[in-house]
C-alpha cells in the first residue's frame, strides 16, 4: 500500500461547525471526505477540542479574531463549507460574519471556494449586497439547489456547479445499538422553531401516538441539535404508549447510518430528510424553511408547510387527523427508488470538482 501524499496546502474551513448540530457536522465530515489528500484542513469551530477529537484535524475558535488572522495568513485557501451561510432569516449577523471572513480571505489573496451552498433568504439590502460581492469574487462555487443557482444567474454569475446537497455523498457507518428494537421503526427529527408552536407539537405528539398504536412501531426520537431539540423529543416521549428511544449520535456517519434501520421518517430538519432518504427510509417532511419545501417537492415527498406560505400544504391541527394521514402514508408510501437515490448520491459528488479545481 502506498504512503498517503504529504499535504502541500492548507485550507481554512468555515461553517457552523462545533455547535452541536448534526446536519452541519455532517457537512464538515463530507467536506473532509472530499478534500484532496494534498490539502491540510484547518477548521473554524465553536468547540475546537471536540472537532479535533472527532475528526483528527487542527481546529481553532470560530470567534477568535487573532486565531482567524493567523490561520488565514498560513493558509492557501478559504472554504465556505456547506449550508445556508449567507442568509439573514435566523440572524442579521450571519452574512456579516461569514461574508466578512470570506471578504477578508479574498482581500488577503487566498483562493476562495463557496462549497455546497444554499443562498438566502436575504431580507436586507446589506445582506444582498455582501452576498453578491463575495460570491462574485470566489475562485469557484457550488450550490445545492436550483433556487440558489437561479439567484446566482440573476446576478450575472453563471460559472458554478449545481448538485444535490453534499451530505447525500457522506459515507454512512452502521449503528448497532438500536437494532434490538422491534420493527417496524419510525424516526422523528423535529427542531425548535417558531413555526413549531406548542399547539402543533401537542397535535404531532398525539398523531405519533395514534400512528404507533396502529403500526406497533418502535419510535426513535432523534434530536440533531440536542441542546435545543432534546426538550421536543422529551415532550413527544411522554405522549407515546409504545416502545421508543431517544437517540443522540454525535458522529455524522453513524447518524446517517441510523436511518438504514428506519422504515419511515418524519423530519423537519433538512439533513434529517436527506439522511433518511439517502439511506432508503420513506420520508414525510415538515417545512419550516423554504429549503425543506424545495427539497421535498424536488424529491416528490409528502410535505406540510408550517410557515403559512402554502395554504395548499397546511398541516392539519388535529392530532387524530395527523395520525390517520400518517398511517395512510406509512402504508402507501413506496419511498424513493434505488435508482433515484443512487442518482442523487452520485451527483452530489460533483461538489468535489470545485475543490480539486481550486486546490490541486
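Just so you know, all these numbers are worked out from the coordinates, no wet-lab data involved. Keep in mind that this is a model prediction, so the values were computed, not measured. With ideal geometry, Cβ positions are generated from the backbone for all residues, glycine too; neighbour counts draw on all protein chains shown.
Mean separation of Cα pairs under 8 Å and 6+ residues apart, divided by the residue count of the chain: what relative contact order is that in percent? Walk me through the intermediate numbers first.
Working: 710 pairs, mean separation 60.4, N = 360.
This gives 17 percent for the chain.
Quote the FRET efficiency, to the nearest 0.05, computed for residue 347 versus residue 171 with a Förster distance R0 of 22 Å and r equal to the Cβ-Cβ distance.
Numbers: r = 16 Å, r/R0 = 0.73.
With a Förster radius of 22 Å, E is 0.85.
Roughly how many whole Å is it from the C-alpha centroid of the range 292-338 to that of the range 246-287?
16
Would you list the P(r) distribution for the range 1-51, with all Cα-Cα distances sorted into 5 Å bins from 0 and each bin expressed as a whole %?
Going out from 0 Å in 5 Å bins, the range 1-51 shows 5, 20, 27, 22, 14, 8, 4, 1 percent.
Just the ratio, please: alpha-carbon radius of gyration of the range 273-337 over 2.2 N^0.38 Å, N its number of residues. Write down the numbers at each step before the final one.
On the way: Rg = 11.8 Å, N = 65, 2.2 N^0.38 = 10.7 Å.
It is 1.10.
Report the full-extension gain for the segment residue 92 to residue 331: residue separation times 0.36 nm, less the Cα-Cα distance, to one decimal in nm.
Working: separation 239, 0.36 × 239 = 86.04 nm, distance 4.30 nm.
Fully extending the segment from residue 92 to residue 331 adds 81.7 nm.
Once the piece of chain linking residue 58 and residue 192 is laid out straight, how much longer is it, given 0.36 nm per residue of separation minus the C-alpha distance between them?
Working: separation 134, 0.36 × 134 = 48.24 nm, distance 3.10 nm.
The span from residue 58 to residue 192 would gain 45.1 nm if fully extended.
List 49, 88, 24 from most exposed to least, where exposure is judged by having the fewest other Cβ atoms within 10 Å. Intermediate values should be presented prior to the final figure.
On the way: 49 10, 88 20, 24 24.
By the 10 Å Cβ count, ascending: 49, 88, 24.
For the peptides 203-212, 281-290, what is the packing order when you average, over each peptide's residues, the other Cβ atoms within 10 Å and list the highest mean first?
On the way: 203-212: 21.7, 281-290: 23.4.
Averaged packing, sorted descending, gives the order 281-290, 203-212.
Calculate the spin-label point distance for residue 340 paired with residue 76, positioning each point 7 Å from the Cα along the beta-carbon direction, and give it in nanometres.
Rounded to a tenth, the inter-label distance reads 4.2 nm.
May I ask you to sort 213, 359, 170 by Cβ crowding, counting other Cβ atoms within 10 Å and putting the fewest first? Let's see the in-between values first.
Numbers: 213 14, 359 21, 170 26.
With the fewest neighbours first, 213, 359, 170 line up as 213, 359, 170.
With a 10 Å Cβ neighbour count serving as the proxy for reagent exposure, in which order, fewest first, do 186, 79 appear?
Numbers: 186 24, 79 31.
Ranking 186, 79 by Cβ neighbours within 10 Å, fewest first, gives 186, 79.
Which value, in nm² and rounded to one decimal, describes the direction-averaged projected area of the C-alpha convex hull of the range 212-319? Before the final figure, lay out each step's value.
Values: hull surface 28.7 nm².
So the Cα hull casts an average projection of 7.2 nm².
Suppose R0 equals 45 Å; then what is the FRET efficiency for residue 125 and residue 251 from their Cβ-Cβ distance, rounded to the nearest 0.05?
Computed FRET efficiency for residue 125 and residue 251 comes out at 0.65.
Could you check the simple spin-label distance between residue 159 and residue 307, using points 7 Å along Cα→Cβ, in nm with one decimal?
3.2
Hull surface divided by four, with the convex hull built on the Cα atoms of the range 9-162: how many nm²? Before the final figure, lay out each step's value.
On the way: hull surface 33.3 nm².
Result: 8.3 nm².
Which whole-number percent is the relative contact order of the range 185-343 (Cα, under 8 Å, 6+ apart)? Could the numbers behind the result be given before it?
Numbers: 272 pairs, mean separation 42.7, N = 159.
Relative contact order for the range 185-343 comes out at 27 percent.
For the chain, what's the radius of gyration and Dmax over Cα atoms, in angstrom?
20.5, 61
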